[in-house]
Amino acid sequence: GLEVVIIAPGGLGVSFDQLALNKALLEKHGARLRGVILNKVEPDKYDMVKDYYGRQLKALWGTPLLGCVPYQDVISRPSLNGFKTLLNGEFIAGEEHAFRTFDSTRLIVSDGEEDKTIYNKVQGQLVITLASRSDVIASVLRNQREVERDSKGTQDLRQGLVLVGHNPPSRESAEELRQGGVPAIFIKKGQSEDTKGIYEVMKAMAAFTQKQDHDDEDRLNETMDLIERNIDLELLSQAPPFGGQMAIRLGNLVRWHRWAHRW
């Protein structure tokens, strides 16, 4: 019968129960479990998980652990381009930074007179606010210029903007954002639902899972490196015959990608 490799979440307990259930389902349909790859394993539990599953799979089922892939925040973080696609938005500035990711996200709807912290300088922050909030746009630009000035052009605040509203910000604001190197996307919402619309945007962003994008070379390189370091491609390629062919192709793809990007 067909040989199958299962990719499972890399936690203890729940994952093994899921594996046992799927193994029984495979056997019911005449397929055989060729091996297991654990994905998104917590780094601080990596050694324990790899050792435990490696021993248990061999002892109970005679099945090899083909790989144990640690969770990498840099790969999982959404990019501004990902949010743009999700929300049917458009870049109004900084499209050259489309694949920038962020350390934190802040929703700003409060008045600057009531909450001065909305103007704070925060490295690597994505700011979500109304397109009409010229004060917030101005503060982001001011903070970016201060960082560039103080570092003599060697540092970047690495912020970004998601602007929600019926109308985009003025051409002057968009041009200043472009000149300042601050990426910004505009999400169009109905004229009477600015506040409601911004919370809908935030909810959608919070639930979003970033997918691979063939133009996002940094993320692709990180992913390929992660696969090559943590999956035994040689062992995977021994699976006959269909699985073996697929495994060999995967191994060749990883090696070709690494070679191609050296040139």
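Each value in this text was obtained by applying a stated rule to the coordinates, not by laboratory testing. Bear in mind that the values here come from a model prediction, so they are computed numbers and not experimental data. We place every Cβ from the backbone using ideal geometry, glycine too, and count neighbours over all the protein chains shown.
Over the chain, what is the relative contact order in whole percent, taking alpha-carbon pairs under 8 Å and six or more residues apart? Each step should come with its number before you reach the end.
Details: 394 pairs, mean separation 46.3, N = 263.
Rounded, it is 18 percent for the chain.
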*Mind checking the full-extension length gain between GLU146 and HIS166? Use 0.36 nm per residue of separation minus the Cα-Cα distance, one decimal, nm.*
4.1 nm
_10 Å binning of all Cα-Cα separations within the chain, expressed as whole percents from 0 upward_ = 6, 23, 24, 18, 16, 10, 2
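How much of the DSSP beta bridge set in the chain is antiparallel, as a percent to the nearest 5? Write down the numbers at each step before the final one.
Details: 5 of 31 bridges.
Counting only bridges with both partners in the chain, antiparallel ones make up about 15 percent.
Give, to the nearest whole percent, the P(r) tail of region 78-206 beyond 26 angstrom, counting all Cα pairs. Mind dumping the intermediate values first?
Values: 1066 of 8256 pairs.
The answer is 13 percent, as a whole percent.
Given DSSP loops and a limit of at most 14 other Cβ atoms within 10 Å, what is the longest stretch of the chain that contains no such trypsin sites (Lys or Arg not before Pro)? Could you put the intermediate results ahead of the total?
Values: sites that count: LYS121, LYS152, LYS211, ARG262.
Formally, the longest exposed-site-free interval is 1-120.
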*Too-long pairs where the Cα-Cα distance tops 28 Å, listed order kept, from LYS50/LYS203; LYS28/LYS211; LYS121/LYS203; LYS40/LYS84*: LYS50/LYS203; LYS28/LYS211
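Can you say what percent of the DSSP beta bridges in region 78-206, counting only those with both residues inside, are antiparallel? Round to 5.
Working: 4 of 19 bridges.
Among the beta bridges of region 78-206, antiparallel pairing accounts for roughly 20 percent.
Can you tell me the FRET efficiency between ASP215 and LEU60 if r is taken as the Cβ-Cβ distance and R0 is 35 Å, rounded to the nearest 0.05? Show your work: numbers first, answer last.
Values: r = 43 Å, r/R0 = 1.24.
Using R0 = 35 Å, I get an efficiency of 0.20.
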*Find how many whole Å separate the alpha carbon centroid of region 85-121 from the alpha carbon centroid of region 142-189.*
9
